[in-house]
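What follows draws every value from the coordinates through simple rules; no lab data is involved. From a predicted model like this one, the values you see are computed outputs, not experimental measurements. Backbone-built Cβ (ideal geometry, glycine too); neighbour counts: all protein chains shown.
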Amino acid sequence: MKDIVVSGIRSTGNLHLGNYFGAVANFIKMQHQHPCFFFVADYHSLTTHPNPVDLLANERQVIIEYLACGLDPEICTLYLQSDIPQTAELYLFLNMLAYLGELERVTTFKDKARKHPDNINAGLLTYPTLMAADVLIHKGAKVPVGKDQEQHLEMMRTFGNRFNRLYNVDYFPEPQAFNFGTELVKVPGLDGSGKMGKSEGEGNALFLCDDDKTIRKKIMRAVTDSGPTQLNQPKPDAIKNIFALMNLVSAKDTVNYFDEQYNNMTIRYGDLKKQLAEDMVLFINPLAQKISDLKQNDDYVTKVIAMGKEKAAASANKTITEVRKIIGFK
Ligand code: TYM
């Protein structure tokens, strides 16, 4: 039997290039090769207490963006996490097996707790348990994600294995992070530091729904430095980031051309950014168009969500019935 694929994206706003290359690009390929479940993680978004109007709009926006990127709801299962309450029940069971110490040691928890000391809620602490429930509810074995999710995947394996051991069953598979290019991806932001992210501040992320003007403006403002001062000098992080983004959307020859210019110190960052901006527009513009078209088609989006709910519920029901039985509930 083919491995089951499960993955999701939080419904906290529009998808950016990091979500695309870290996750969705693999979803698109995998849907033709495996049974796939791709969801909108709307339960997870509750850790930051969105208002009901935003919650609904963001859920639909992610479904629309999945569709615009090329996910086919007839081939894979596209659904809202909150449409499958079986996940919440499995989350409860797994929480009985999750220890405070190991949850407190999770890097993303520590980061969020540091950034938002006034909102360290239990949902944030047990974020990895809910992720494990998302995947194990379909007995998922492959999980296409970006590099920042590696530790969460390890927790999924820990909880699944602990369940198997406690009840002396060989029930849950060991979910593995997956990327076609082997190494998990980390897409950098435009602000010279770390990764592209929704919460990293204005101008750091390029969104799939950005218009051409916004894309050009963000890229022209991207952080650089005053240029190389020696031949073949190693690139500082901000410049490495620009080249990394170029590698994602530009032709190999283009990247090589600017790389050579950097190495022989003739590079002009204005030209580099202009080229990146044009290649980025060519990449994002068709997606932005499709997103805008799908926004006009409310009925279709509603139909897709209903269809996904039905398919995901059938799989989730089977698992939760078996899990209840293993635990001893009759
Ligand atoms: P979220 O919304 O933060 O990210 C969704 C996906 O996008 C990837 N990603 C990136 N990849 C590369 N470079 C970046 N700069 C970048 N930014 C984001 C993330 O690695 C992720 O794959 N907790 C998950 C959502 C989730 C989930 C799950 C995923 C909930 N349950 C079960 C897999 C399985 C998250 O942080 O989403």
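Key figures
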{"item": "D (Stokes-Einstein, µm²/s), Kirkwood Cα radius, segment 10-146, 1.002 mPa s at 20 °C", "result": "135 µm²/s"}
{"item": "Inter-label distance, nm, simple model (7 Å from Cα along the C-beta direction), Ala57/Glu74", "result": "3.3 nm"}
{"item": "Within a Gaussian network of the chain (alpha carbon springs, distance under 10 Å), most fluctuating of Leu276, Leu231, Leu55", "result": "Leu231"}
{"item": "Under 14 Å, Cβ to Cβ, from Pro128 - net charge with Lys/Arg +1 and Asp/Glu -1", "result": "-1"}
{"item": "Cα-derived Rg to Rh of segment 58-117, Kirkwood definition", "result": "1.12"}
{"item": "Stokes-Einstein translational diffusion, the chain - Kirkwood Rh over all Cα pairs, 1.306 mPa s, 10 °C, in µm²/s", "result": "75 µm²/s"}
{"item": "Kirkwood hydrodynamic radius (C-alpha pairs) into Stokes-Einstein, segment 198-292, 4 °C and 1.567 mPa s, D in µm²/s", "result": "93 µm²/s"}
{"item": "Greater than 25 Å apart at Cα, pairs in Lys198/Lys295; Lys198/Lys318; Lys195/Lys303; Lys186/Lys318", "result": "Lys198/Lys318; Lys195/Lys303; Lys186/Lys318"}
{"item": "Largest-first principal axis extents, alpha carbons of segment 171-329, Å", "result": "70, 40, 30"}
{"item": "Relative contact order (%) - criterion: Cα under 8 Å, at least six apart; region: the chain", "result": "23 percent"}
{"item": "Ranked list, fewest to most other Cβ atoms within 10 Å of each Cβ, for Ser11, Ser199, Ser226", "result": "Ser226, Ser199, Ser11"}
{"item": "Restricting segment 1-74 to GluC sites (Glu not before Pro) in coil, as DSSP defines it, with at most 16 other Cβ within 10 Å", "result": "Glu74"}
{"item": "Partnerless cysteines, meaning none of the other Cys C-beta atoms lie under 4.7 Å away, in the chain", "result": "Cys69, Cys209"}
{"item": "Hz values of 3J(HN,Hα) by residue in segment 19-26 - Karplus curve (6.51, -1.76, 1.60), Gly and Pro given as x", "result": "4, 5, 7, x, 10, 4, 4, 6"}
{"item": "Cβ-Cβ FRET estimate between Glu154 and Lys303, R0 fixed at 45 Å, reported to 0.05", "result": "0.75"}
{"item": "Length-normalised contact order for segment 198-292 - Cα pairs under 8 Å, 6+ apart - percent", "result": "45 percent"}
{"item": "Within a Gaussian network of the chain (alpha carbon springs, distance under 10 Å), most fluctuating of Met131, Met307, Met196", "result": "Met307"}
{"item": "Label-to-label distance, nm, for residues given as His32 and Ser292 (7 Å Cα→Cβ offset)", "result": "2.9 nm"}
{"item": "Ranking of Met1, Met96, Met220, Met156 by count of other Cβ atoms within 10 Å, fewest first", "result": "Met1, Met96, Met220, Met156"}
{"item": "Surrounding net charge for Arg10, when Lys and Arg each add one and Asp and Glu each subtract one, Cβ distance under 10 Å", "result": "0"}
{"item": "Dipole of the chain, positive direction: furthest Cα of Pro50, Asn95, Tyr20, with charges on the beta-carbon", "result": "Asn95"}
{"item": "Exposure proxy order (Cβ contacts within 10 Å, fewest to most) of Lys235, Lys213", "result": "Lys213, Lys235"}
{"item": "Descending Cα extents along the principal axes, segment 132-244, whole Å", "result": "62, 36, 23"}
